[in-house]
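Down below is the structure, laid out as structure tokens.
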Amino acid sequence: MNTNFSDTIHYIGVDDTDLDLFESQYVVPEGVSYNSYLILDEKTALMDTVDARCMEEWIDKLDTALGDRHLDYLVISHLEPDHSGSILKLLAHHPDVTLVGNAKTFAMLPQFFDVPNTATITVKEGDTLALGAHTLTFYMASMVHWPEVMVTYESSEKILFTADGFGKFGALSQTADEDWACEARRYYFNIVGKYGGPVQALLKKAAKLDIQTICPLHGPILTENLDYYIGLYDTWSSYKPENKGVLIAYASIHGNTGKAAEKLADIIRAKGEEKVIVSDLAREDMAEVIEDAFRYDRMILAAASYDAGVFPCMLEFLHHLQSKAYQNRTVGILENGSWAPTAAKTMKSVLETLKNVTIVEPTVTIKTTLKEENMVVLEELAEAIVNAGQ
Ligand code: FEO
């Protein structure tokens, strides 16, 4: 990826390619980047640090880019350790740097570090910081993804530094030709997805700015087709489906519920539905299935009964959907129960807590294996879910 987007703003981020789990929960097969930017003007400003895992490589990049210049400011957009983890390292190298954050930043900062006596500037909505030819304007973006998050607009080059917003999994060195939306969508729904309202508020502020470049704290710098990225963020944060399609997410113990889910998918496809995805919740990346649940307008949950409830990976999936504010979708249900089916009741009890989720009838119950006698009701569920998309 081209990180030379400006003569005076240097990309000094780092790739983390051997991280097992981002935030101890998300697989990142292509790694992740922790972005950081250095603005060289009459004053110099650093836009965020990086995860402590990569601090040595990063501080070398910073000092190379800085040369013999003095570092004047560190702008702290977000305190999560993937961005703040090298602040103490920075202060050791540049003890007289001035920290720039908002009131929430400085209220939370001591929770993370025993910060030495350091100069600070506390900014609020719309405040500016002149660097010379460059001027930074700060906009609060609380809960995109933490309360202290703020974004920064640089007006001479029309750049918006967006913190986690518009971020994407994938180290820059590994994903130069990769489609942006897939891993940006997985990142968004799993990390920021609960906070659609705050993202909408930020998009409204951004709409008033003339933006030519978006500099996030993860993933590529966005320099063209910005309407495309902003449009996707608008769709995602307003909980609207991005595409028509049916996700069938199943939780199967011995494979029989999985076979029923695959059969249901075949029937739905035979009715002309173009996009039908079948996902095994016990084995596939849960974050990827969450992404698909939000991406498509309809979903079918198929699960085995278990301990008078539902098989645990389905319960885990439902709890993720609940915590990420899944809403505005149509859902069908298939349960399996060899002697006392309880999966449907348990799944419905969670679905009923979600905003504007319609459960289509009929609910399908199979006993251990799919039988010929189940085919009529399976056909009816397929018909109902196809009709719900029209
Ligand atoms: Fe990339 Fe919320 O930290």
ask   = Before we move on, is I76 of a type in the set (V, I, T), buried (at least 17 other Cβ atoms within 10 Å of the Cβ), in the same structural domain as G167 (by TED's automatic domain parsing) and within 15 Å of the ligand (Cβ to nearest atom)?
value = yes
request  = Scan the stretch 237-280 for residues that are part of a loop (DSSP other than H, G, I, E, B) and either over 21 Å from N374 (Cβ atoms) or out of contact with any Asp or Glu (no Cβ under 8 Å at 6 or more places or on another chain) (or both) and report the count.
outcome  = 12
ask   = Got a sec? Which strands (runs of 3 or more DSSP E) wholly within the stretch 1-90 have at least 1 residues that are of a type in the set (S, T, Y), closer than 27 Å to W180 by Cα and under 27 Å from the mean Cα position of the chain (by Cα)?
value = 9-11, 32-34, 37-40
task = Look at A176 and say whether it is open to solvent by less than 10 Å² (accessible area, probe 1.4 Å), in contact (Cβ under 8 Å) with a residue 24 or more places away in the chain and more than 16 Å from the ligand (Cβ to nearest atom).
result = no
query = Out of all the residues in the stretch 234-286, which are open to solvent by less than 50 Å² (accessible area, probe 1.4 Å) and on the phi > 0 side of the Ramachandran plot?
reply = Y239, G245, G255
task = Kindly establish whether N336 is among the polar types (S, T, N, Q), open to solvent by less than 20 Å² (accessible area, probe 1.4 Å) and at pLDDT 95 or above.
result = yes
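Here's the yes/no breakdown for (1) under 21 Å from F317 (Cα atoms); (2) in contact with a Ser or Thr (Cβ under 9 Å, 6 or more places away or on another chain); (3) outside any loop (DSSP other than H, G, I, E, B):
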{"residue": "L172", "(1), (2), (3)": "no, yes, no"}
{"residue": "R185", "(1), (2), (3)": "yes, no, yes"}
{"residue": "G197", "(1), (2), (3)": "no, yes, yes"}
{"residue": "A206", "(1), (2), (3)": "no, yes, yes"}
{"residue": "I211", "(1), (2), (3)": "no, no, no"}
{"residue": "L217", "(1), (2), (3)": "no, yes, no"}
{"residue": "Y229", "(1), (2), (3)": "no, no, yes"}
{"residue": "L232", "(1), (2), (3)": "no, no, yes"}
{"residue": "T235", "(1), (2), (3)": "no, no, yes"}
inquiry  = Among the numbered criteria (1) without any contact (Cβ under 8 Å) to a residue 24 or more places away in the chain; (2) more than 26 Å from the chain's Cα centre (by Cα), which one does V115 miss?
reply    = (1)
message = Suppose we keep only residues that are away from the ligand (no atom under 13 Å from the Cβ) and closer than 21 Å to I12 by Cα within the stretch 196-223. Which one would you say is most open to solvent (accessible area, probe 1.4 Å)?
response = Q212
inquiry  = For the stretch 86-93, check the following and say yes or no: at least one residue is within 20 Å of V151 (Cα to Cα), crowded, with 20+ Cβ neighbours inside 10 Å and in the same structural domain as F161 (by TED's automatic domain parsing).
reply    = yes
Leading residue by the ranking (surrounded by the most Cβ atoms within 10 Å (Cβ to Cβ)) among those in the stretch 96-115 that are modelled with pLDDT of 95 or more, β-branched (V, I, T) and over 10 Å from L79 (Cβ atoms) = V100
ask   = Of the residues L74, L90, L38, which single one is over 20 Å from T175 (Cα atoms) and in contact (Cβ under 8 Å) with a residue 40 or more places away in the chain?
value = L90
ask   = What about G193, is it in a loop (DSSP other than H, G, I, E, B), open to solvent by less than 20 Å² (accessible area, probe 1.4 Å) and under 20 Å from S323 (Cβ atoms)?
value = no
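The values are calculated or read from the model by the stated rules, or taken from the named source; none is laboratory data. Source: prediction; values computed, not measured. Please note: Cβ atoms are built from the backbone with ideal geometry, for glycine as well, and neighbour counts cover all protein chains shown. Note: areas computed on protein heavy atoms with side chains; ligands, DNA, RNA excluded. Shrake-Rupley method; radii C 1.70, N 1.55, O 1.52, S 1.80 Å.
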